[in-house]
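Novice: Here it is, the structure, as structure tokens.
The values are calculated or read from the model by the stated rules, or taken from the named source; none is laboratory data. Just so you know, these numbers come straight off a predicted model, no measurement behind them. Every residue, glycine as well, gets a Cβ built from its backbone with ideal geometry; the counts of neighbours run over all protein chains shown.
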Amino acid sequence: MHADQVQRMEKKPRLSVAQIVWMSFGFMGIQCAFGLQNGNASRILENYGAKVHELSWFWLVAPLTGMLVQPLIGYFSDKTWTRLGRRKPYFLAGTLLCCLAIVILPNSGAWFIGKSALLMGAVFLALMDASINIAMEPFRALVADNLADEQRTLGFSIQTFLIGIGAVLGSWLPWTLSNVFDVASTAPQGQVADNVVYSFYIGAAFFLACILITVIFAREYDPKTYARYHGDAPEDRSQKGILQIFRDFKHMPKTMLQLGLVQFFSWFGLFCMWVYTTKAVAQHVYGLPISGDSYEGADKVIFDKAGDWVGILFGVYNGVSALYALLLPTIVRRIGRKQTHSLSLIFGGAGLLSIFFIRDPQWLMLSMAGVGMAWASILAMPYAVLAGSLPPGKIGIYMGIFNFFITIPQIVSALLAGPMVSYLFGNEAIYALVTAGGMMLLAAVAMLYVNDGKLIRVGR
């Protein structure tokens, strides 16, 4: 950006808390769907016949689709100007596709038989992941579009609070339907229990309602107003689409690259947690035999009970993250953004490591409290640090490219975790969680070396 363009940029107006809430309200619906997926996808696939060492491979679809979809959505949303808005068309398209996948995924076992059910489950898990990414990526860019630097920590913290509320709802739905409304929590081999199926239906309706609230009530700047606050960044017409993404990746800000290492350790650990917590808790806490296969008979009843409790635990960490997110701006003012994130990651690592020493399911809530503090910070602080280093005309595409540092560690984890659990850990899934805790601690150390400065221009 040239000097005369910098001079013509006006300071963005401060937004009210209500305006920031409407702007991120749809993210609550996204995370309700995400919570349902995290708490139930592994058990659904196991019910369809997946073996323990295969689980991480099925979860590969999530980071792969994210790696492909988010940069493209960021690139195109940067260049989209419609009567509906700049980012909103992508919210709606992703939501409609995701709701379709949410409804079909838990029914694959009832509609198909044997390996066909497992294949269709994997297909609709992939569709669910792709559409969540379509809907999710523009929300990060929307906050960066609309908020001045001094409000960004607040904006991403409010977004994280709403994420936590949505994820709690998604995580707790199966347990609530079973224990409060007496909906069946077990099903014949190869099928999914009614409490999970109905939870997915409710989650789809909630997702759509939240997105519509953001579309109706949140505002986006028109092109002229956007230029007043961000400058008229000249468009590079020499490269388009994929080539432009690779060019921008090559010239990413130094802060973004430093954050990439933090994200690698953080998301490697998170992926292990999401894939293996149900199996680890069933074996290590509920006493099920160490096995790489799915359970049958009385063992399956216990496994389903463990799965419902893991949903509660995931709700706990998301609930803690929602509350902790509200404290992040205060903590940041006292110790700084990168110190806040490092401290939060230490709590998360300690929480995951503590699961190894716990045999009472109730005490696992304490472990999840630490995970929740890390999760809140992971969803807010890297983006608050990153936003100040990005050129205004490329916020969407760089937010999408930053997703590489989320998807690549998940892909690496997916490829390595299955063989590790099967051959190195003897099918004892608890050691996947120990690995996850160690990764969180490494991320905490790496965060201390990140440059948290103001805007760093991207060179040619």
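Novice: Grab the helices (runs of 4 or more DSSP H) fully contained in the range 79-196, keeping just those with 3 or more residues being in contact with a Lys or Arg (Cβ under 9 Å, 6 or more places away or on another chain) and at pLDDT below 80.
Specialist: Values: elements: 88-104, 108-111, 115-146, 149-179.
Of the helices (runs of 4 or more DSSP H) lying wholly inside the range 79-196, those with at least 3 residues that are in contact with a Lys or Arg (Cβ under 9 Å, 6 or more places away or on another chain) and at pLDDT below 80 span 115-146, 149-179.
Novice: Starting from the range 410-434, take each residue that is within 15 Å of PHE356 (Cα to Cα) and list its partners that are of a type in the set (D, E, K, R) and assigned to a helix (DSSP H, G or I), counting only C-beta distances under 7 angstrom and pairs at least six apart or across chains.
Specialist: Listed pairs, sorted by first residue: ALA429/LYS279.
Novice: State all residues of the range 178-197 that are free of Cβ contacts under 8 Å to residues at least 24 places away in the same chain and either closer than 25 Å to LEU118 by Cα or of a type in the set (Ser, Thr, Tyr) (or both); if no residue qualifies, say none.
Specialist: Matches in the range 178-197: VAL183, ALA184, PRO188, ASP194.
Novice: Still on this structure, I have one more. Which residue is surrounded by the fewest Cβ atoms within 10 Å (Cβ to Cβ), if the candidates are limited to the range 289-339 and must be assigned to a helix (DSSP H, G or I) and hydroxyl-bearing (Ser, Thr, Tyr)?
Specialist: Here is the first cut: in the range 289-339, the ones assigned to a helix (DSSP H, G or I) are 297-335, 337-339.
If we keep only those that are hydroxyl-bearing (Ser, Thr, Tyr) as well, we get 317, 321, 324, 330.
On the way: TYR317: 28, SER321: 30, TYR324: 25, THR330: 11.
In this case the residue turns out to be THR330.
Novice: Would you mind finding the one in GLN283, GLN263 that is within 25 Å of ALA446 (Cα to Cα), out of contact with any Ser or Thr (no Cβ under 7 Å at 6 or more places or on another chain) and modelled with pLDDT of 85 or more?
Specialist: Numbers: GLN283 fails: within 25 Å of ALA446 (Cα to Cα).
Just a single option satisfies the conditions, and that option is GLN263.
Novice: Further question on the same structure: Being of a type in the set (A, V, I, L, M, F, W, C) and under 14 Å from the mean Cα position of the chain (by Cα), is that true of even one residue in the range 147-161? Don't jump to the end; show me each part of the working.
Specialist: From the range 147-161, those of a type in the set (A, V, I, L, M, F, W, C) are 147-148, 154, 156, 158, 161; that's our starting set.
Filter again for under 14 Å from the mean Cα position of the chain (by Cα), leaving 156, 161.
The answer is yes, given that some residue of the range 147-161 is of a type in the set (A, V, I, L, M, F, W, C) and under 14 Å from the mean Cα position of the chain (by Cα).
Novice: For the structure I just gave you, tell me whether PHE271 is part of a helix (DSSP H, G or I), aromatic (Phe, Trp, Tyr) and more than 28 Å from LEU441 (Cα to Cα).
Specialist: On the way: part of a helix (DSSP H, G or I): yes; aromatic (Phe, Trp, Tyr): yes; more than 28 Å from LEU441 (Cα to Cα): no.
No: the conditions fail for PHE271.
Novice: Quick check on this structure: which one of VAL412, VAL385, VAL421 is part of a helix (DSSP H, G or I), at pLDDT below 95, over 19 Å from the mean Cα position of the chain (by Cα) and within 29 Å of GLY315 (Cβ to Cβ)?
Specialist: Details: VAL412 fails: over 19 Å from the mean Cα position of the chain (by Cα); VAL385 fails: over 19 Å from the mean Cα position of the chain (by Cα).
Step by step, each of VAL412, VAL385, VAL421 is checked, and only VAL421 is part of a helix (DSSP H, G or I), at pLDDT below 95, over 19 Å from the mean Cα position of the chain (by Cα) and within 29 Å of GLY315 (Cβ to Cβ).
Novice: Among all residue pairs at least 6 apart or on different chains, which show Cβ distances below 9 Å where the first residue, located in the range 315-344, is in contact (Cβ under 8 Å) with a residue 60 or more places away in the chain and the second is of a type in the set (Asp, Glu) and surrounded by fewer than 24 Cβ atoms within 10 Å (Cβ to Cβ)?
Specialist: GLY336/ASP452; ARG337/ASP452; LYS338/ASP452
One line per residue, one yes/no per condition, for (1) polar (S, T, N, Q); (2) over 30 Å from GLN283 (Cα atoms):
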{"position": "ASN47", "(1), (2)": "yes, no"}
{"position": "ALA50", "(1), (2)": "no, no"}
{"position": "LEU55", "(1), (2)": "no, no"}
{"position": "PHE58", "(1), (2)": "no, no"}
{"position": "PRO63", "(1), (2)": "no, no"}
{"position": "SER77", "(1), (2)": "yes, yes"}
{"position": "ARG87", "(1), (2)": "no, yes"}
{"position": "PHE91", "(1), (2)": "no, yes"}
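Novice: Which residues, counting only those in the range 346-361, are in contact (Cβ under 8 Å) with a residue 12 or more places away in the chain, part of a helix (DSSP H, G or I) and not polar (S, T, N, Q)? Give the steps one after another, and end with the answer.
Specialist: The first filter runs over the range 346-361 and keeps only residues in contact (Cβ under 8 Å) with a residue 12 or more places away in the chain, leaving 346-356, 358-361.
Applying the additional criterion that residues be part of a helix (DSSP H, G or I) yields 346-356, 361.
Within the range 346-361, ILE346, PHE347, GLY348, GLY349, ALA350, GLY351, LEU352, LEU353, ILE355, PHE356, PRO361 meet the criteria.
Novice: OK, next. Go through (1) part of a helix (DSSP H, G or I); (2) of a type outside the set (S, T, N, Q); (3) within 30 Å of ASP78 (Cα to Cα) for LEU343 and report which single condition fails.
Specialist: (3)
Novice: Which residue, of SER171, SER185, is touching a Phe, Trp or Tyr at 6+ places or on another chain (Cβ under 9 Å), surrounded by fewer than 24 Cβ atoms within 10 Å (Cβ to Cβ) and among the small types (Gly, Ala, Ser)? Explain how you work it out, then say what you get.
Specialist: Numbers: SER171 fails: surrounded by fewer than 24 Cβ atoms within 10 Å (Cβ to Cβ).
Answer to the selection: SER185.
Novice: Just to check your reading of the model, which residue among ILE355, ILE397 is of a type in the set (A, V, I, L, M) and closer than 18 Å to GLU137 by Cβ? Quick ask: steps written out before the conclusion?
Specialist: Details: ILE355 fails: closer than 18 Å to GLU137 by Cβ.
Answer to the selection: ILE397.
Novice: Would you check which residues across the range 202-217 are surrounded by 16 or more Cβ atoms within 10 Å (Cβ to Cβ) and either touching a Ser or Thr at 6+ places or on another chain (Cβ under 8 Å) or not aliphatic (A, V, I, L, M) (or both) and list them?
Specialist: Those that are surrounded by 16 or more Cβ atoms within 10 Å (Cβ to Cβ) and either touching a Ser or Thr at 6+ places or on another chain (Cβ under 8 Å) or not aliphatic (A, V, I, L, M) (or both): GLY203, PHE206, PHE207, LEU208, CYS210, ILE211, THR214.
Novice: Go through the range 37-54 and count every residue that is more than 12 Å from the chain's Cα centre (by Cα) and under 29 Å from PHE91 (Cα atoms). If you could, list the steps in order and put the result at the bottom.
Specialist: Of the range 37-54, the ones more than 12 Å from the chain's Cα centre (by Cα) are 39-54.
Among the residues that remain, those that are also under 29 Å from PHE91 (Cα atoms) are: 39-45.
Here the count works out to 7.
Novice: Do we find a residue being of a type in the set (S, T, N, Q) and closer than 27 Å to ILE30 by Cβ anywhere in the range 416-425?
Specialist: Going through the range 416-425, the residues of a type in the set (S, T, N, Q) turn out to be 422.
Subsequent filtering for residues that are closer than 27 Å to ILE30 by Cβ retains none.
No: zero hits.
Residue by residue, here is whether (1) out of contact with any Gly (no Cβ under 8 Å at 6 or more places or on another chain); (2) closer than 21 Å to LEU345 by Cα holds:
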| site | (1), (2) |
| --- | --- |
| PHE405 | no, yes |
| PRO409 | yes, yes |
| VAL421 | yes, no |
| LEU424 | yes, no |
| ALA436 | no, yes |
| ASN451 | yes, yes |
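Novice: Take ALA380 and tell me if it is in contact (Cβ under 8 Å) with a residue 12 or more places away in the chain and under 14 Å from VAL316 (Cβ atoms).
Specialist: no
Rundown of residues vs (1) surrounded by 18 or more Cβ atoms within 10 Å (Cβ to Cβ); (2) in contact with a Pro (Cβ under 9 Å, 6 or more places away or on another chain); (3) within 22 Å of GLN31 (Cα to Cα), yes/no style:
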| residue | (1), (2), (3) |
| --- | --- |
| HIS341 | yes, yes, yes |
| SER344 | yes, no, yes |
| ASP360 | no, no, no |
| SER367 | yes, no, yes |
| GLY370 | yes, no, yes |
| ALA376 | yes, no, yes |
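To keep it simple, each residue is scored yes or no on (1) within 22 Å of MET420 (Cβ to Cβ); (2) in contact (Cβ under 8 Å) with a residue 12 or more places away in the chain; (3) assigned to a helix (DSSP H, G or I); (4) of a type in the set (Ser, Thr, Tyr).
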{"residue": "LYS11", "(1), (2), (3), (4)": "no, yes, no, no"}
{"residue": "ARG14", "(1), (2), (3), (4)": "no, yes, no, no"}
{"residue": "MET28", "(1), (2), (3), (4)": "no, yes, yes, no"}
{"residue": "ALA33", "(1), (2), (3), (4)": "no, yes, yes, no"}
{"residue": "GLN37", "(1), (2), (3), (4)": "no, yes, yes, no"}
{"residue": "TRP57", "(1), (2), (3), (4)": "yes, yes, yes, no"}
{"residue": "THR65", "(1), (2), (3), (4)": "no, yes, yes, yes"}
{"residue": "TYR75", "(1), (2), (3), (4)": "no, yes, yes, yes"}
